[in-house]
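**Student:** Structure incoming, see below.
The values are calculated or read from the model by the stated rules, or taken from the named source; none is laboratory data. These figures come from a predicted structure and were not determined experimentally. Every residue, glycine as well, gets a Cβ built from its backbone with ideal geometry; the counts of neighbours run over all protein chains shown.
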């Protein structure tokens with residue numbers, strides 16, 4: 001065969017519907033292969049990333065910034081920090097500790113009275129002193145109290161006692177004891 005004719009026929013095939021489908025299938029296969037390779041070779045991946053950052057630090061910085069601002073990056077960072085906090089908290093105290101506290105609260109949110117039932121999945125871990133204002137108390141076990149997800153999202157970054165006063169909720173004894181113990185922190 002003539003090399004020029006082979007080139008021409010390949011070019012036509014690449015632009016045809018079959019050629020496009022073939023390229024798409026190949027792209028998917030390459031993606032799957034590369035994901036598997038990254039999982040199997042973490043050391044080589046780290047080495048490659050390091051060389052990439054050293055070779056062009058400005059571009060690497062720009063790529064990281066773009067990713068961090070994308071929805072995928074934001075969600076990934078939130079998930080990482082949530083997992084890191086929950087693992088840290090679980091290391092400090094076991095599941096039975098939280099069960100005993102929830103049982104103490106009669107399986108209800110101490111604020112609005114919403115029932116968790118036996119499903120602890122329905123509850124969230126609220127902070128007495130908010131994480132945004134008191135980062136050192138972020139993972140301290142005594143600073144955390146089980147409340148429902150709705151109250152936790154409504155509370156945002158308010159002090160627990162201020163939230164209770166604002167919405168006319170009773171302040172739990174456990175919260176009052178902890179606040180009295182850490183009165184010096186309230187002068188922020």
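**Student:** What about residue 89, is it modelled with pLDDT of 85 or more and either touching a helix residue (DSSP H, G or I) at 6+ places or on another chain (Cβ under 6 Å) or closer than 23 Å to residue 178 by Cβ (or both)?
**Tutor:** Answer is no for this residue.
**Student:** Does residue 59 fit the bill of being surrounded by 12 or more Cβ atoms within 10 Å (Cβ to Cβ) and touching a helix residue (DSSP H, G or I) at 6+ places or on another chain (Cβ under 9 Å)?
**Tutor:** No, not satisfied.
**Student:** Can you go through 99, 149 and tell me which one is surrounded by 12 or more Cβ atoms within 10 Å (Cβ to Cβ), modelled with pLDDT under 80 and over 19 Å from residue 182 (Cα atoms)?
**Tutor:** 99
**Student:** Moving on. Take the conditions over 30 Å from residue 132 (Cβ atoms), out of contact with any helix residue (DSSP H, G or I) (no Cβ under 6 Å at 6 or more places or on another chain) and surrounded by 10 or more Cβ atoms within 10 Å (Cβ to Cβ) and apply them to residue 45. Does it pass?
**Tutor:** For residue 45, the condition - over 30 Å from residue 132 (Cβ atoms), out of contact with any helix residue (DSSP H, G or I) (no Cβ under 6 Å at 6 or more places or on another chain) and surrounded by 10 or more Cβ atoms within 10 Å (Cβ to Cβ) - is not met.
**Student:** Follow-up. Do we have residue 165 as part of a helix (DSSP H, G or I) and loosely packed, with under 14 Cβ neighbours inside 10 Å here?
**Tutor:** yes
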